[in-house]
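Nothing in this text is a laboratory measurement; each read-out follows from the coordinates by a stated rule. Note that this is a predicted model, so its numbers are computed, not measured. Backbone-built Cβ (ideal geometry, glycine too); neighbour counts: all protein chains shown.
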Amino acid sequence: MKPNKKLISTAVILILLAFAIYYFINNLADFKQLSFVSPWLLVAITMLFILNYYFIGVITSNLLRPFGVKLKGMEAFQLSIVTGFYNLITPFRGGMAARAIYLKKKYNFSYDNFMATLAASYVLIFLVASLVGMLSTLFIYISSGIFSWLIFLIFSGLFIGMVGTIVIAPKLKERKNRWLNSAIKVVNGWHLIRGNWRIIAITSILSLLQLIVGALMLYLQFKVFGININYSSALFLATIGSLGILIGITPAGLGIQEAITVFSALTIGIGTAEALSVALLGRAVSLTVLFVLGPIYSYILLNRKPTKDIKTK
């Protein structure tokens, strides 16, 4: 990794941490008003967090099938956890590189095709998230009268862009230029997935389930501190949070994800102290699960024997 990327990542984390500490010190009374309701809710939140990573594993397995790679259920789940773990300890979503290397070594899966599956997953995740985001924005307006035209227009623009990508993406002829050919292979890889509506439907449904589970997690995280919000608000926050993967500057979006949660919560009338407490609780759960399971599953996957009979495309 280049030193300048490490420097940018570290600088962003330190700046956001400084702001968080400054706010905490100057608004200590707001945090003291929060109460810890039930430790059993933490168990439920942890189980939902693990369930979401199971969905990520199924999505990965689903997208790899058109390329002839068949991950077993537990292997796909372990790979999703390992990806999350390396995203946590490296900036710029280094877990994706770890996943690509694993698939290359164990399944001889090309990096170009990996980028195609990654592009396909992002397109479908953003398609579902933008649609749910528009709907949740409208639900919040109906229930509370609060409406943000800026966020609604962002969701709308993203939805139109993703629909256009799915419908219009062309199949291109390969060229002699190495770098141009790599980009063409990525587009053609997405074209292969785009033509399989079963894959698209399953991945879209799983992405929706991820959002539903993520919203339930946020709903319970607020409950931990005795804060009552409606589910549409939690769904709104979860949807905006899912778009945070676009900003992979810091390890696992550290600081970035919390800032997104706080600022999006402010748009629907949730206080900064409440939103920040909830965001930090979610971060604590993810750190605990990924640091416990990540190294264990890394060891298991590294010791798996490579698959010899690979169907290549």
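Here is how the numbers come out for the structure above:
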| quantity | calculated |
| --- | --- |
| For region 40-302, the fraction of alpha-carbon pairs in successive 5 Å shells from zero, as % | 1, 6, 12, 17, 19, 17, 13, 8, 5, 2, 1, 0, 0 |
| Contour minus Cα-Cα distance for ILE101 and ILE89 (0.36 nm per residue) | 2.7 nm |
| Most to least packed among 117-128, 140-151, 47-58 [average Cβ atoms within 10 Å] | 117-128, 47-58, 140-151 |
| Positive-end extreme of charge dipole, region 40-302 - chosen from ILE240, ALA215, ILE193 (charges on Cβ) | ILE193 |
| Centre separation in Å (Cα based) which lies between region 113-152 and region 193-210 | 16 Å |
| Fewest-first sequence of ARG304, ARG99 by Cβ atoms within 10 Å of each Cβ | ARG304, ARG99 |
| At R0 = 35 Å, FRET efficiency that the Cβ-Cβ distance of PHE263 and ILE205 yields, to 0.05 | 0.75 |
| In range of the label at TRP40: residues from region 223-242 whose backbone nitrogen is under 15 Å from the point 7 Å along Cα→Cβ | 224 |
| Length gained when the stretch LYS72-HIS191 is fully extended (0.36 nm per residue, less Cα-Cα span) | 40.4 nm |
| Protection-proxy order for peptides 79-87, 202-210, each taking the mean of Cβ atoms within 10 Å per residue, highest first | 79-87, 202-210 |
| Cα centroid separation, region 53-86 to region 259-286 (Å) | 29 Å |
